[in-house]
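Report on the structure given below.
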Amino acid sequence: MPEDHAGILDLCQKLHKAGKPAGFALGNAKGDGNGFANWALWSHNGSLLDEEGNVVINSKETIAALNWVKQLYPTFIAGTTSWNDVSNNRAYSSQEISLTANGVSLYFSLKNDPATKAIADDSEHQLLPKGVAKVSPMAGLTLNAMVFKHSPYPNAAKAFLQYMMEKDQYEPWLNANSGYWSQPLAAYAEAAVWKGDPKVSIFKDTMKSTYYDGYKGPISTATGAVSADYVLIQMFSAVATGAATPEAAAAEAEQRCKRYFRRQNR
Amino acid sequence: MSVTTFSSPALAQRQPNWLVRLFDYKPFLIAMCLAPAIGLLSVFLTYPLGLGIWLAFTDTTIGRRGIYVGLENFQYLLTDSLWWNAVFYSVVYTAIATFGKFALGFWLALLLNNHFPFKSVLRAIILLPWIVPTVLSALAFWWIYDPQFSIISYLLVDVLHWRDSNVDFLGSPWPARFSLIAANIWRGIPFVAISLLAGLQTISPSLYEAAMLDGASAWQRFRYITFPMMMPILAIVMTFSIIFTFTDFQLVYAITRGGPGNSTHLLATLAFQRGIAGGELGEGAAIAVSMIPFLVFATLFSYFGLARRKWQQGESND
């Protein structure tokens, strides 16, 4: 899989010609749709926010990303604009598509089912291509834990979280999720899950990624609202299908994002 | 002597204790009997409705109390192309789906009004699409419309070889809109058909006999007897149907979630998307409140347009 945009476009065109096209979710899919939209944006060095938290989505980097996805979209299998989070898993499992972006869960569902084990054996993993970014622009998955401010026993809750992060508890837990998320504490990089299947071990350091939802501003509830309201996905799908020009789509996304950040970060 | 021994228990009976007297007191009884209904209505109807309308005038988000912002939410919606898009589709969806449901439902009711074997069984089966939980039938339609695994595409492409590519049901705006309308019509036909069937059975056969003696054709009997006699029930069923369709949520949310893009959002799904997924409770409530004028208009239209015919007030009343 090439790391540059021209190479990816060329690859997808060839896959399309070969009758085994690529497919990335452009529908209202919270996980995979946002994953693809963020990657397309970040790999062009675009971002939703600047370091101070100002909305900078309407930028020339975004326009470049939109134009690139517009070229890429015709190489996809038909119907990706209506895909939700399971659609690419199903299309890949039935061998309708040969390239997609997904968590490692897809690989395990294929591998654990005797009927599809051959597909798993024939599959290869790679971190999302860099484009013009310095590192692979993908947000790492990890498990979040939090304690309510109004909890009557805050110290007990913290002690419990600390207990769960200890080796005896955390390492079996990490191993059991088979590489779907990775550890925030560096020492767990030595856990057994990262030493077995080489198709899984490449995800060992995904938490070291400098990218996250709402990159590169401060994390806030509005960041979550923007991804839950599919703002970036819809910006890309509108341009890909020709429903809007890149400039109009970026301006609309900017308007929607600014409202979320103005109202929710007050 | 005997009088006094008899009178004391009788006296006690005629002067009951205070509890019995309280329950015989009419104003108290009225209040007691109304209290449960009023309590239920205010807790489950008035309070949520009032709260929803109040939220529409605040900037409440999930997890944070809002402050009163006046008409800010509504002013924003007027500049929001996605809201206008939802208004447009809600009207189109309601208009086409209601027309389809009534055309097919009326037809089905006329067919079911005939005598044929297994009549009651068939009438019960007809109700099935309406009885099945909507989310369940929505999931079935979601599979039927799937871009890769649609049964219709499979039949057309792999079995009949009529097409080379899968049918694009949900991938572009207009096909997606009409796919949802078709699903809604399918779901709504039984309600219309059974309600209109009930209306058909109240029409006296003697009217048809008289018309046949006068040599009226089948079309004339429908046009001048069946249709006018059905007007009151048509008006009521149509009012209900318009309200159900305009406020529809489950079909759209389960099948497309408003996609592709935002082209199939109804006002109800947009309100949920903004209010719950996006966390903007105030704005979501404002979108929901913005449905009220449309519903009031639709109700008045059905009521005045269809129900107030001269036959209801007598033939002489022009």
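The values are calculated or read from the model by the stated rules, or taken from the named source; none is laboratory data. Keep in mind that what you see is a predicted model, and the values were worked out from it rather than measured. We place every Cβ from the backbone using ideal geometry, glycine too, and count neighbours over all the protein chains shown.
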Considering the range A:209-260, residues that are more than 12 Å from chain B (Cβ to nearest Cβ) and not in a loop (DSSP other than H, G, I, E, B), and then whichever is surrounded by the most Cβ atoms within 10 Å (Cβ to Cβ), we arrive at A:Leu232
When restricted to B:Ser153, B:Ser137, the only residue within 14 Å of chain A (Cβ to nearest Cβ) and either within 27 Å of A:Asn89 (Cα to Cα) or among the β-branched types (Val, Ile, Thr) (or both) is B:Ser153
For this session: For the range B:228-238, state whether one or more residues are touching a residue at least 24 places away in the same chain (Cβ under 8 Å) and within 14 Å of chain A (Cβ to nearest Cβ).
Result: no
Of the candidates B:Ile152, B:Ile125, B:Ile144, the one satisfying the condition of being hydrophobic (A, V, I, L, M, F, W, C) and modelled with pLDDT under 90 is B:Ile125
Exactly one of A:Trp68, A:Trp39, A:Trp83 is more than 14 Å from chain B (Cβ to nearest Cβ) and either closer than 29 Å to B:Ile255 by Cβ or of a type in the set (S, T, N, Q) (or both), and that residue is A:Trp39
Flagged in the range B:265-295 as of a type in the set (Val, Ile, Thr) and either closer than 14 Å to B:Asn73 by Cα or within 11 Å of chain A (Cβ to nearest Cβ) (or both), in numbering order, are B:Thr269, B:Ile276, B:Ile287, B:Val289
Among A:Asn102, A:Asn89, the single one that is within 30 Å of A:Asp4 (Cα to Cα) and within 14 Å of chain B (Cβ to nearest Cβ) is A:Asn89
Counting only helices (runs of 4 or more DSSP H) wholly inside the range A:8-109, the ones holding at least 1 residues that are surrounded by fewer than 19 Cβ atoms within 10 Å (Cβ to Cβ) are A:60-72, A:87-93
Filtering the range A:212-266 down to residues that are polar (S, T, N, Q), under 16 Å from B:Gly261 (Cβ atoms) and out of contact with any Asp or Glu (no Cβ under 9 Å at 6 or more places or on another chain) yields A:Ser237, A:Thr241, A:Thr245
Going through the range A:127-150 in order, the residues found to be modelled with pLDDT of 90 or more, surrounded by 11 or more Cβ atoms within 10 Å (Cβ to Cβ) and not hydrophobic (A, V, I, L, M, F, W, C) are A:Pro129, A:Lys130, A:Gly131, A:Ser136, A:Pro137
Here the qualifying pairs (Cβ atoms under 6 Å; residues six or more apart or on different chains; first in the range B:125-147 and surrounded by 14 or more Cβ atoms within 10 Å (Cβ to Cβ); second aromatic (Phe, Trp, Tyr) and not in a helix (DSSP H, G or I)) come out as B:Tyr145/B:Phe169
Of A:Asp205, A:Asp197, the only residue that is within 25 Å of A:Met164 (Cα to Cα), of a type in the set (Asp, Glu) and either more than 11 Å from every other protein chain (Cβ to nearest Cβ) or touching a strand residue (DSSP E or B) at 6+ places or on another chain (Cβ under 7 Å) (or both) is A:Asp205
Here, helices (runs of 4 or more DSSP H) confined to the range B:59-129 with at least 3 residues that are among the hydroxyl-bearing types (Ser, Thr, Tyr) are B:81-112
In the range A:12-22, is there at least one residue being assigned by TED's automatic domain parsing to the domain that holds A:Arg259 and under 30 Å from A:Ile219 (Cα atoms)?
no
Looking at the structure I just gave you, is A:Gly46 free of Cβ contacts under 8 Å to residues at least 60 places away in the same chain and more than 14 Å from every other protein chain (Cβ to nearest Cβ)?
yes
